[in-house]
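Inspection log for the structure reproduced underneath, given as C-alpha cells.
The values are calculated or read from the model by the stated rules, or taken from the named source; none is laboratory data. On a predicted model such as this, the values are computed, not experimentally measured, just so you know. So basically every Cβ, Gly included, is an ideal-geometry build from the backbone, and we count neighbours across all protein chains shown. Note: accessible area is taken over every heavy atom of the protein model, side chains too, but ligands, DNA and RNA are not part of it. Shrake-Rupley method; radii C 1.70, N 1.55, O 1.52, S 1.80 Å.
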Amino acid sequence: VQLQASGGGLVQAGGSLTLSCAAPGTIFGIFDMGWYRQQPGKERELVAEITNKHFTLYGDSVVKDRFGIFRNDAKKMVTLQMNNLKPEDSGVYYCYADFGDVNYWGKGTLVTVSS
C-alpha cells in the first residue's frame, strides 16, 4: 500500500492548510485512515483519524473545531483541513492507513506555521 501525502507548506498563524493523502490501487474502504504529526523533540502523536465507518476522533492536543478530517472512498483519499493554524501546529504530518494489526505510513509532509 502506497500512501501519497501532499499539501504541507509554510503558512502564517491564522491561516489554513489542507493535507491530502491518496491511496490509489487499494481497497480503500477497509482502512481506518488518519494523520499523526511529529514535532521537534516530541513523540509522534495522533492528530485525527477517520474510521472506515466514517467515525472521527482527534488527538488530545488537537482542537477539533480547528481541524477536520474527511474521507472520500470513491477517490481513495483522506484530507485534513486545518484552520486558524498556530505555530504549535508546526511539524511533520504523516498519513497512515490501518487495517487490524497492519499499518501503512506515507512519507511525511512538513507544515510550518510562522508567528
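The 3J(HN,Hα) values that the Karplus relation (6.51, -1.76, 1.60; θ = phi - 60°) gives for segment 2-18 are, in residue order, 10, 10, 10, 9, 7, x, x, x, 9, 9, 7, 3, x, x, 10, 9, 10 Hz. Gly and Pro appear as x. One decimal place: the segment residue 61-residue 2 gains 18.5 nm when fully extended, by the rule 0.36 nm per residue minus the C-alpha distance. If you look at the Cα atoms of the chain, you get an Rg and a Dmax of 13.2, 41 Å.
Taking every protein chain into account, the 1.4 Å probe leaves residue 109 with about 20 Å² of accessible area, to the nearest ten. For residue 19, the shell of other residues with beta-carbons less than 14 Å away shows a net charge of +2, using +1 for Lys and Arg and -1 for Asp and Glu. I'd like the distance separating the alpha-carbon centroids of segment 76-115 and segment 1-62, in whole Å. Centre-to-centre (Cα) distance: 4 Å. Note on residue 75: lysines with a C-alpha under 27 Å away, same-chain residues under 8 apart excluded, are 53, 64, 107.
For the chain, what's the relative contact order in percent, using C-alpha pairs closer than 8 Å and at least 6 residues apart? Could the numbers behind the result be given before it?
Numbers: 280 pairs, mean separation 41.5, N = 115.
With pairs under 8 Å counted, the relative contact order is 36 percent.
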